[in-house]
Amino acid sequence: MNASDILTPKGLIAAAVILLLAVMPVLTTIADQAFYLDIATRILILAIAAVSLNLILGYGGMVSFGHAAFIGIGAYAVGIPIYYDEYSGWLHFPLAIAVSALYALITGAISLRTKGVHFIMITMAFSQMVFFLFISLEEYGGDDGLLIWSDSEFVDGVDVDDPTTFYYLCFISLMGALFLVHRIVNSRFGRVIRGSMSNDKRMKALGYPTYGYKLTAYVISGAICGYAGALMGNFTNFISPEMMGWTRSGELIFMVVLGGSGSVMGPIYGVLSFLLLEEFLPDFMDLFSKDAGIYWHLPFGIILVLVVLFVRGGINGLLDRWNR
Amino acid sequence: MDTALLITQLLNGLQLGVLLFLLAAGLTLIFGIMDFINLAHGSFYMVGAYICGTLVALLDSFVLGVILAIPLTLAVGYVAELVVARTLYARDHLDHVLATFGLILIFDTAVHLFWGAEGMAIPLPDWLNGQIAVSETILLPTYRIAIISVGLAVAVGLYVLVTRTRIGMLIRAGASNRTMVQALGVDIKRLFSLVFAAGAAIAGLAGMMVSPITEASIGMGNDIIIVAFVVIIIGGIGSVKGAFVGALIVGMIDTMGRSYLDQFMKLFMSDQNAETAAPAVSAMLIYILMAAILAVRPQGLFPPRVR
């Protein structure tokens, strides 16, 4: 992206969204609406996860139907140490990243031997394994989930328990993830991944061992997503295996596709629209008929189907067409 | 080992296998012919159960309720194909996953809207509710035998339909080479609508059969559909035979794993370790099996010949 790109409607919208996210705590403080800062923090954390999924899905064509497992692993990497009174964030976050990366390495090495629908299903199968593993770990709450009574501690004076501090930790993390993914996809490494997405055989014929490249991308994606999970573990006081069920992975894919997979800002738009719909659609429906809000999944599902049928390239694609 | 318990567990495994087959049969044909991933297949399982429950309450007859609910579920499947699925065949798998994920939300909420959030119990007639005494110690519940019989009857019926009839020939041909079948002048779209609707009805039948045991509830199809996918991937996508064998393997392994894995693991580790590890491993067993089969034999056990 260079300077002239920003002075288009699409670039201006991207800049506006980032700017809005950057000043969100100020706005919510002025409006005295701490609740909205909560939603915004969730948006940031899930945006990091979506950005990580976009790296392999949007640029590598690897439809991982098990990315929620990484969020769960990251969250439990915070929850389990705290259960044993280990509060250091310098332990939690590296642990989340390391375990996620290791899990990605093992499952990716097997999954990437398959392609297409088999890849979708095998990544799902692995995440189901993790899901059932945590369900059966009675020590850490099993089915009922695990209470996290504290937050990660970093250095004295920086308290991530404070909503604004934590919000900016998430914001900086998201910017870092965006920058990282942006640099990766525009590097030589990224070009191999993108080349392999459009024609894997040709890339191999050119002499690139695409398997290794794809596996590396998968591990990086998993590690970033595990980091998002560690943030999630800090954000919520309660984690449970439910957060890595297969429907969660489906939602994550939807966020990426809704925003526009294979674009820098797409995942952020996707998460933003998804969470805002989730939050305000029920309230909106209640305006028309009392308690209609509990049925918000109905219009939500219809929107999902319509987006898939008619909006190619997601929100980012719409902005592209507007540009021209 | 307790024989009566073993027989009960074998029966449970067989029952789960048969139910999984009813779901997987439609799924594998839809997948095989049109290369279409239908996550919402489990919704027909749920819708069938609810329609049946309403009819049973209305008519006061379980058998009549099931018989009438089957064509109604077929109609629901037909409409879903016409409105959503048909427009998606030309798209990639990602779009299938997303759109049918949306369909699940729509179906779940629609059921919530029509029938409420509470589950729906379906009462059994007395003649199905008893037990058959095989010997003094071994009693088999009549209804489980009935489920297994219905499932096996459907399996035989499907086998005859697919291998012995003209329409079955077209289905098999469609699964191995869609373009060629089209080129020979067969309206593959109509054939597919038919298969989709029939698959929905069979999935609905599975839901109707299971509901007297577990009661019908919202989202009941969402967990079992994932297991049905495991079945068709193990069996080989597009193969009814593969779906049948895969379903029985998965049903048996899952049931047996849950009941006997701890005893098996005690053979080579301490009792305490076995008791902690067994529940985790048994819940993961079918996914481990699937990952192993996919890693070694990605096309599944019985892939349709020629692609």
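The values are calculated or read from the model by the stated rules, or taken from the named source; none is laboratory data. Just so we're clear, the structure is a prediction, and the values are computed from it rather than from any experiment. Cβ coordinates were reconstructed from backbone atoms using ideal geometry, including for glycine residues, and neighbour counts include every protein chain displayed. Remember, those area values only see protein heavy atoms, side chains included, never the ligands or the DNA or RNA. Shrake-Rupley method; radii C 1.70, N 1.55, O 1.52, S 1.80 Å.
Results, tabulated for the structure shown:
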{"quantity": "Qualifying residues in the stretch B:155-175 (those that are open to solvent by less than 30 Å² (accessible area, probe 1.4 Å) and in contact (Cβ under 8 Å) with a residue 12 or more places away in the chain) - the one farthest from B:Leu5 (Cα to Cα)", "calculated": "B:Gly174"}
{"quantity": "Single residue of A:Ile106, A:Ile80, A:Ile56 found to be within 14 Å of chain B (Cβ to nearest Cβ), surrounded by fewer than 22 Cβ atoms within 10 Å (Cβ to Cβ) and modelled with pLDDT of 90 or more", "calculated": "A:Ile106"}
{"quantity": "Conditions (1) within 14 Å of chain B (Cβ to nearest Cβ); (2) open to solvent by less than 30 Å² (accessible area, probe 1.4 Å); (3) out of contact with any His (no Cβ under 8 Å at 6 or more places or on another chain): number failed by A:Ser261", "calculated": "(2)"}
{"quantity": "The listed residue being at the interface with chain B (Cβ under 8 Å from one of its Cβ atoms), more than 19 Å from A:Ala217 (Cβ to Cβ), open to solvent by 40 Å² or more (accessible area, probe 1.4 Å) and out of contact with any Asp or Glu (no Cβ under 8 Å at 6 or more places or on another chain), out of A:Leu95, A:Leu137, A:Leu91, A:Leu147", "calculated": "A:Leu137"}
{"quantity": "Among (1) within 16 Å of A:Leu112 (Cβ to Cβ); (2) β-branched (Val, Ile, Thr); (3) modelled with pLDDT under 95, the one test that A:Thr247 misses", "calculated": "(1)"}
{"quantity": "Positions within the stretch A:150-178 being open to solvent by less than 50 Å² (accessible area, probe 1.4 Å) and modelled with pLDDT under 80, in sequence order", "calculated": "A:Ser150, A:Asp151, A:Ser152, A:Val160"}
{"quantity": "Test for B:Ser239: is it at pLDDT below 85, hydroxyl-bearing (Ser, Thr, Tyr) and crowded, with 16+ Cβ neighbours inside 10 Å", "calculated": "yes"}
{"quantity": "Condition check for A:Ile97: over 23 Å from A:Leu146 (Cβ atoms) and in a helix (DSSP H, G or I)", "calculated": "no"}
{"quantity": "In the stretch B:196-238, the residues that are closer than 21 Å to B:Ile249 by Cβ and of a type in the set (Phe, Trp, Tyr)", "calculated": "B:Phe229"}
{"quantity": "Residue check for A:Ser187: under 15 Å from the mean Cα position of the chain (by Cα), of a type in the set (S, T, N, Q) and modelled with pLDDT of 90 or more", "calculated": "no"}
{"quantity": "For B:Ala90: the one exception among (1) within 14 Å of another protein chain (Cβ to nearest Cβ); (2) within 22 Å of the chain's Cα centre (by Cα); (3) outside any helix (DSSP H, G or I)", "calculated": "(2)"}
{"quantity": "Matching residues in the stretch B:108-124 - criterion: being in contact (Cβ under 8 Å) with a residue 60 or more places away in the chain and open to solvent by less than 30 Å² (accessible area, probe 1.4 Å)", "calculated": "B:Asp108, B:Val111, B:Ile122"}
{"quantity": "Neighbours by Cβ (under 6 Å, 6+ apart or cross-chain): first from the stretch A:1-28, modelled with pLDDT under 80; second surrounded by 15 or more Cβ atoms within 10 Å (Cβ to Cβ)", "calculated": "A:Asp5/A:Gly11"}
{"quantity": "Filter result for A:His67 (surrounded by 24 or more Cβ atoms within 10 Å (Cβ to Cβ), in contact (Cβ under 8 Å) with a residue 24 or more places away in the chain and more than 18 Å from the chain's Cα centre (by Cα))", "calculated": "no"}
{"quantity": "Verdict on B:Ala80 being within 14 Å of chain A (Cβ to nearest Cβ) and either crowded, with 17+ Cβ neighbours inside 10 Å or outside any helix (DSSP H, G or I) (or both)", "calculated": "yes"}
{"quantity": "Counted residues, the stretch A:280-301 - those being open to solvent by 60 Å² or more (accessible area, probe 1.4 Å) and under 23 Å from the mean Cα position of the chain (by Cα)", "calculated": "2"}
{"quantity": "Hits in the stretch A:283-312 - residues which are touching a Gly at 6+ places or on another chain (Cβ under 7 Å) and more than 12 Å from chain B (Cβ to nearest Cβ)", "calculated": "A:Asp283, A:Asp286"}
{"quantity": "Hits in the stretch A:27-46 - residues which are open to solvent by less than 10 Å² (accessible area, probe 1.4 Å) and either touching a Pro at 6+ places or on another chain (Cβ under 6 Å) or among the polar types (S, T, N, Q) (or both)", "calculated": "A:Thr41"}
{"quantity": "Residue selected from the stretch B:263-306 under the condition among the β-branched types (Val, Ile, Thr) and part of a helix (DSSP H, G or I), by the criterion surrounded by the most Cβ atoms within 10 Å (Cβ to Cβ)", "calculated": "B:Ile286"}
{"quantity": "Among (1) at pLDDT below 90; (2) open to solvent by 10 Å² or more (accessible area, probe 1.4 Å), the one test that B:Leu58 misses", "calculated": "(1)"}
{"quantity": "Meets criteria (within 9 Å of another protein chain (Cβ to nearest Cβ) and out of contact with any Pro (no Cβ under 6 Å at 6 or more places or on another chain)) for B:Ala274", "calculated": "no"}
{"quantity": "Complete set of residues in the stretch B:211-223 that are surrounded by fewer than 22 Cβ atoms within 10 Å (Cβ to Cβ) and part of a helix (DSSP H, G or I)", "calculated": "B:Ile213, B:Thr214, B:Asn222, B:Asp223"}
{"quantity": "Single match in B:Gly185, B:Gly204, B:Gly219 (criterion: closer than 26 Å to B:Ile171 by Cα and touching a residue at least 40 places away in the same chain (Cβ under 8 Å))", "calculated": "B:Gly204"}
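Yes/no matrix, rows are residues, columns are (1) out of contact with any strand residue (DSSP E or B) (no Cβ under 9 Å at 6 or more places or on another chain); (2) in contact (Cβ under 8 Å) with a residue 60 or more places away in the chain; (3) more than 17 Å from B:Leu27 (Cα to Cα); (4) within 11 Å of chain A (Cβ to nearest Cβ):
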| position | (1), (2), (3), (4) |
| --- | --- |
| B:His41 | yes, yes, no, no |
| B:Leu55 | yes, no, yes, no |
| B:Ser61 | yes, yes, yes, no |
| B:Pro71 | yes, yes, yes, no |
| B:Val84 | yes, no, no, yes |
| B:Val97 | yes, yes, no, yes |
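Okay, residues lined up against (1) open to solvent by 10 Å² or more (accessible area, probe 1.4 Å); (2) among the hydroxyl-bearing types (Ser, Thr, Tyr); (3) within 12 Å of chain B (Cβ to nearest Cβ); (4) on the phi > 0 side of the Ramachandran plot:
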residue: A:Ala217; (1), (2), (3), (4): no, no, no, no
residue: A:Ser221; (1), (2), (3), (4): no, yes, no, no
residue: A:Ile224; (1), (2), (3), (4): yes, no, no, no
residue: A:Ala228; (1), (2), (3), (4): no, no, no, no
residue: A:Ile239; (1), (2), (3), (4): no, no, no, no
residue: A:Glu251; (1), (2), (3), (4): yes, no, yes, no
residue: A:Met255; (1), (2), (3), (4): no, no, yes, no
